[in-house]
Amino acid sequence: MVQLAKVKLPERRRWPEPNCRFGGGGNVLSHEGGYSATNVPYCGLAVMEQLAGARTGVDDPWLRIMERWGWQDLQPHQEGAIDKAALALSRIK
């Protein structure tokens, strides 16, 4: 997760209510890889916060460094992949 934690997702990128018809309404986030044992937990938490529309108050100590990296905004190819996944999900509901 190249700091996808802080990608500004539009409202439509949040989990719908009710969250899911499977598993009693719970959410699951699966993260592949293990790029940085010190940073990945903060990235994963921030993604969950964004999708849930909630904040835990946990600060990412790496954020100021990573905010200076390029390509932090949602890229067109990423948005396309998200749109395709959303379409696929809508077909199984």
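Just the Kirkwood number for region 35-93, please: inverse of mean 1/r across all distinct Cα pairs, in Å, one decimal.
Details: mean 1/r = 0.0729 Å⁻¹.
This gives a value of 13.7 Å.
Assuming R0 = 22 Å, can you tell me the calculated FRET efficiency for the pair residue 52 and residue 85, based on Cβ-Cβ distance, to the nearest 0.05? Working shown, then result.
Values: r = 18 Å, r/R0 = 0.80.
With R0 = 22 Å, the Cβ-Cβ based efficiency is 0.80.
Computed from the coordinates by the stated procedures, all read-outs in this text should not be read as laboratory data. As the structure is a computational prediction, the values presented were derived from the model and not from experiment. Using ideal geometry, Cβ is built from the backbone for each residue, glycine included, and neighbour counts are taken over all protein chains shown.
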